[in-house]
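Please treat every number below as a calculation from the coordinates, not as lab data. Since this is a predicted model, take the numbers as computed values, not measurements. Cβ sites come from the backbone with ideal geometry, for glycine too, and all protein chains shown count toward neighbours.
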Amino acid sequence: MTNSLRPHDHHRSPLPSAQQPTDGVPGPRSPRPSATAVEVPGTPSAAEPAKPAKQRDAFFDNAKYLAIVLVGMGHMWDPLKGQSRILEALYAFVYAFHMPAFIVISGYFSRSFDMRPDRLKRLVTGVVVPYILFETAYSLFSRWVGGSGMEISLLDPWYLTWFLAALFVWRLTTPLWKLVRWPLPLTVCIGLVASVSPEIGNDLDLQRVLQYLPFFVLGLSLKPEHFQLVRRREVRLLSVPVLAAALVVSYWAAPRMNIAWFFHRDSAQELGVSWWTGMLMTLALYSCSLLLTACFFAWVPRRTFWFTALGAGTLYGYLLHGLVLKGCDYAGLFDQGWLHEPLGEALATIAAAVLVTVLCTRPVQRIFRFAMEPKMEWAFRRDATEAARERARATA
């Protein structure tokens, strides 16, 4: 979902305009000219000098990098948290907002998506193909290394691949959400109904697709000024006691609450509560996630840092770190007693952050680009307009 890393301004850069072309999250591709655009009178032709491409925005790259690091930490804590109330609390705290924040950014960068051929092509190469490859890779890895009897099923996403399946569905339905009058209330209702509908089943992890849908549509509805709003000084100051209170509540709730509520992958009935309790719980979690996501965005830096460029490679960090952690799990590493002591938990947390950071770097991107961002020109028909332009340039 990202093709290249671009230089960043060392000063605060403006947020992207509402028409900025993009691909999605984790790691939207850098904007590139459309291969199917038709020349319109009054616009530059192919023979005219191209305008310089827009720079990536440091704020969103920082947000994606920080969110993907939290994802890696959460997955590291999962096998360790059973004997630590502190890790249980941190796990619940992070899971309340890290995926909602990621999905909001995904929606924000999907605002320009339509059914134009070049965008559909990028949806296939940047989402569908990585989903197929990594769903297959995770299944084979679980069978050959983990010794499980897991079958390869592209309709039943496993572990991390659910996000790609969800992003595909969300992106395809984007024109619909831009068409209806009240998309956000509508998708909240859809999410609430899904949370009490156990018959939905596991195909494409539709529970998660539908229950997380409001955050994607929220991103579609946001404008640059909304991100400016949460960056105000008073919002940042107010977010400190909010985050502190959330940590306290997480610590209190750790032994009392089923953490599966934060995954949005099960219905209320499957979690052992009544339908009306499930609706109220889902609505409460939506509110909590929205508040904590705003607090997260409030503290994301706008300036360029050493890790800013890594935000362009978050898809790599997201998909690859799962293989490493699953390998450690299958090898019994997480059964080591010292890892369940405070020092071991701290070292494991740091190791997760370092692992994700390394997997987002440019060398890793070059190695795995064939799976994450295949060009696949052989699989698509050439656009007649672009072919005519190339012939015109060749004869000029």
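Summary of values
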quantity: Prolate/oblate/rounded call for region 165-319, Cα gyration tensor, a/c under 1.5 rounded; calculated: oblate
quantity: Radius of gyration and maximum dimension Dmax of region 69-223, Cα, Å; calculated: 17.0, 52
quantity: Packing-based ranking, highest mean first, of 223-236, 206-219 given that Cβ atoms within 10 Å are counted; calculated: 206-219, 223-236
quantity: Gap separating the Cα centres of region 100-140 and region 238-281, nearest whole Å; calculated: 29
quantity: Burial order of peptide ranges 305-312, 344-351, 66-73, 91-98 (average beta-carbon count within 10 Å, highest first); calculated: 66-73, 91-98, 305-312, 344-351
quantity: Length released on extending from Gln269 to Ile190, taking residue separation times 0.36 nm less the Cα-Cα span; calculated: 26.8 nm
quantity: Spin-label model distance (nm) - Ala388 vs Ala284, 7 Å beyond Cα toward Cβ; calculated: 6.2
quantity: Segment Met376-Leu172, extension gain: residue separation times 0.36 nm, minus the distance between their alpha carbons; calculated: 71.4 nm
quantity: Over region 58-395, relative contact order from alpha-carbon pairs under 8 Å, at least 6 apart, %; calculated: 31
quantity: Gain in span if fully extended, Ala351 to Ile132, counting 0.36 nm per residue against the direct Cα distance; calculated: 76.0 nm
quantity: Note, ³J(HN,Hα) from phi for region 144-161, Karplus 6.51, -1.76, 1.60, rounded to Hz, x at Gly and Pro; calculated: 7, 9, x, x, 7, x, 5, 8, 6, 9, 6, 8, 10, x, 10, 6, 8, 6
quantity: Separation of alpha-carbon centers, region 207-237 and region 319-384, rounded to whole Å; calculated: 27
quantity: Anisotropy class of region 58-395 from Cα gyration tensor, a/c 1.5 cut; calculated: rounded
quantity: Label-point gap, in nm, between Thr395 and Leu155 - each point 7 angstrom along Cα→Cβ; calculated: 5.2
